[in-house]
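Take a look at the structure set out below.
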Amino acid sequence: MTKLTKATQGLRGTLQVPGDKSISHRAVMFGAIAKGKTTINGFLPGEDCLSTISCFQKLGVTVEQNGDYVEVYGNGIDGLKEPKEVLDVGNSGTTIRLMMGILSNTPFHSCLVGDSSIAKRPMKRVTEPLKQMGAQIDGREGGQFTPISLRGGQVKGMHYDSPVASAQVKSAVLLAGLKGEGVTSVTEPLQSRDHTERMLRAFGCSVQTDGRTVSLQGQQELKAVHIEVPGDISSAAFFLVAGAIVPDSKITLKKVGLNPTRTGILDVLKAMGAAITIENIQNEEFEPFGDVTIETSQLQGTEIGGDVIPRLIDEIPILALAATQAQGVTVIKDAAELKVKETNRIDTVVHELRKMGANVEATEDGMIVYGKSSLSGAEVNSHGDHRIGMMLAVAACLADGETVIENSEAAAVSYPNFFEQLKELQQ
Ligand code: S3P
């Protein structure tokens with residue numbers, strides 16, 4: 001539980017947000033199935049990525065982690081060993097779904113479980129295509145939920161038309177195809193984040209992208225490399241919005257990942273009228289990053305929907321808060337995927353922001369926010385969802401009186417030092 005009061009002055013300063021969660025997971029996973037020693041700088045030591053490390057250790061891979069520096073000693077996919085224990089992914093959807101893809105290539109039994117949130121999240125979107133590729137995979141309610149049991153081995157490449165724009169589904173199928181016979185390809189309805197494609201190329205694989213279709217030839221080997229993980233734009237998002245809506249603020253965030261499949265939040269904040277500048281863009285061929293500065297701005301309501309949704313799906317809770325401080329109405333649509341995140345994020349955002357006085361209503365595929373409202377401190381709850389807890393902490397900086405955030409420790413899933421950094425900006 002954390003108690004916060006309204007910021008007495010603007011949020012000002014420069015900080016570096018922790019490493020990107022999606023890239024950190026993949027660096028460990030790909031290092032574990034590559035041959036040789038992979039080194040990772042800027043790794044996110046959050047609970048989700050630590051779950052990935054612990055799963056690969058149980059599969060016999062040596063992984064040494066010291067803060068944000070990690071060494072992974074991979075022996076190829078064939079070097080993975082049958083685990084003696086269940087593989088516990090904790091709260092991490094990326095861990096379980098990508099691991100199902102990798103384990104489709106291993107001819108042994110494994111069992112994947114997670115926490116009570118993971119137990120409610122849909123897994124059939126991954127178990128179904130993997131079954132079609134030849135993996136023996138099952139789970140509660142016909143492969144829909146954890147626990148998942150799996151015996152991989154003889155996987156064949158295939159084309160998969162994914163019904164959802166999900167990088168986790170796309171990645172699981174591509175990873176299963178890595179050792180399979182023939183070509184594996186995935187077409188998505190809208191393009192999702194492309195970290196898997198970029199990182200497989202960095203590990204020496206040949207991966208083709210043609211519009212919304214990604215394909216790779218099977219039986220490719222990964223070669224160990226060094227990976228520099230940029231800051232997570234999904235973590236930066238909390239300070240981008242805080243900087244825009246808390247009066248008299250100016251915040252610079254260094255080395256923020258700027259992969260174009262992730263920068264929807266910058267486009268939307270700019271469209272809402274936020275003063276944002278981006279400098280020092282580097283590393284464009286692998287994962288671009290740069291320094292982002294934001295200043296207090298009067299925001300206007302907007303419409304958020306269509307193909308920008310996968311480019312900002314994890315930022316919708318904090319964008320909903322931004323919309324409470326914008327003039328006019330903000331409509332968020334085409335975002336039904338929010339219902340199957342760590343919590344049902346349509347319900348949790350609406351329920352918790354209303355407690356603080358926001359005028360927001362849920363719709364079938366998003367929400368409508370009527371701005372601008374003045375917020376008041378209240379007793380709110382993250383419901384164990386890291387991004388809801390951090391959004392509420394930013395709301396508390398604006399709210400009159402005291403805000404008590406129950407289950408605020410959920411922030412450690414993706415941002416272990418979030419509350420310290422928030423405090424630093426207030427000094
Ligand atoms: C992720 C993909 C997204 C995102 C999640 C991380 C990834 O999920 O919401 O936080 O690392 O591939 P979906 O693939 O379900 O859209």
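The values are calculated or read from the model by the stated rules, or taken from the named source; none is laboratory data. Computed from a predicted model, the values in this text were never measured in an experiment. Glycine gets a Cβ as well: all are built from the backbone with ideal geometry, and neighbour counts include every protein chain shown. Areas reflect the complete protein model, heavy atoms only, side chains present, ligands, DNA and RNA absent. Shrake-Rupley method; radii C 1.70, N 1.55, O 1.52, S 1.80 Å.
Some notes on this structure:
- The stretch 82-168 - convex hull of alpha carbons, volume per residue in Å³: 84 Å³
- Residues whose placed amide H lies under 5 Å from that of residue 89, excluding near-sequence neighbours: 113, 114
- Lys/Arg +1, Asp/Glu -1 at C-beta; the chain dipole; positive extreme among 227, 108, 386: 108
- Restricting the calculation to Cα atoms, every distinct pair contributes to the Kirkwood radius of the stretch 184-234, found to be 12.3 Å.
- Qualifying GluC sites (Glu not before Pro) for the stretch 338-427 [loop in DSSP, other Cβ within 10 Å: at most 15]: 364
- Paramagnetic label reach from residue 376 (point 7 Å along Cα→Cβ; backbone nitrogen cut-off under 12 Å): within the stretch 342-361, residues 355-358.
- Taking the alpha carbon gyration tensor of the chain, multiplying each eigenvalue by 5 and rooting it gives semi-axes of 36, 22, 20 Å, largest first.
- Share antiparallel - DSSP beta bridges, the stretch 21-228, percent rounded to 5: 75 percent
- Per-selection Kirkwood Rh - the stretch 122-161 (Cα, Å, 1 d.p.): 10.2 Å
- Ratio Rg/Rh [Cα only; Rh per Kirkwood] for the stretch 135-191: 0.99
- Dividing the summed helix terms, -39500 (n - 2.57) for each DSSP H run of n ≥ 4, by the number of residues in the chain produces a 222 nm estimate of -8500 deg cm²/dmol to the nearest 500.
- Taking the Cα centre of the stretch 300-406 as reference, the dipole from Cβ charges on Lys and Arg (+1) and Asp and Glu (-1) amounts to some 180 debye.
- Solvent-accessible area, 1.4 Å probe, carbon plus sulfur percent, for the chain: 46 percent
- Translational D in µm²/s for the stretch 268-324 (Stokes-Einstein at 37 °C, 0.692 mPa s, Kirkwood Rh from C-alpha pairs): 253 µm²/s
- Rounded accessible area of residue 12 (nearest 10 Å², 1.4 Å probe): 120 Å²
- Net lengthening on full extension, residue 226/residue 271 (0.36 nm per residue, minus Cα-Cα): 12.5 nm
- Cα Rg over Rh - the stretch 21-228, Kirkwood: 0.92
- Dipole of the stretch 3-57 computed with +1 at Lys/Arg Cβ and -1 at Asp/Glu Cβ about the Cα centre; of 4, 51, 41, farthest Cα towards the positive end is 4.
- Percent of Cα pairs exceeding the 24 Å cut-off, where the set is the stretch 279-427: 34 percent
- Using equal-weight Cα scatterers in the Debye expression, the normalised intensity of the stretch 63-118 in log10 at q = 0.12, 0.17 Å⁻¹ is -0.34, -0.68.
- Rounded to two decimals, the Cα-based Rg/Rh of the stretch 188-309, with Kirkwood Rh, is 1.05.
- 5 angstrom amide H check on residue 303, placed H, neighbours 5+ away: 331
- For residue 414, the residues whose modelled amide H falls within less than 5 Å of its own, excluding neighbours fewer than 5 places apart on the same chain, are 47.
- In Å, descending, principal axis extents of the Cα set of the stretch 1-125: 59, 35, 24
- Distance distribution P(r), the stretch 346-394, all Cα-Cα pairs, bin width 10 angstrom from 0: 26, 58, 16 percent.
- This model, with +1 at the C-beta of Lys and Arg and -1 at the C-beta of Asp and Glu, gives the chain a dipole about its Cα centre of some 560 debye.
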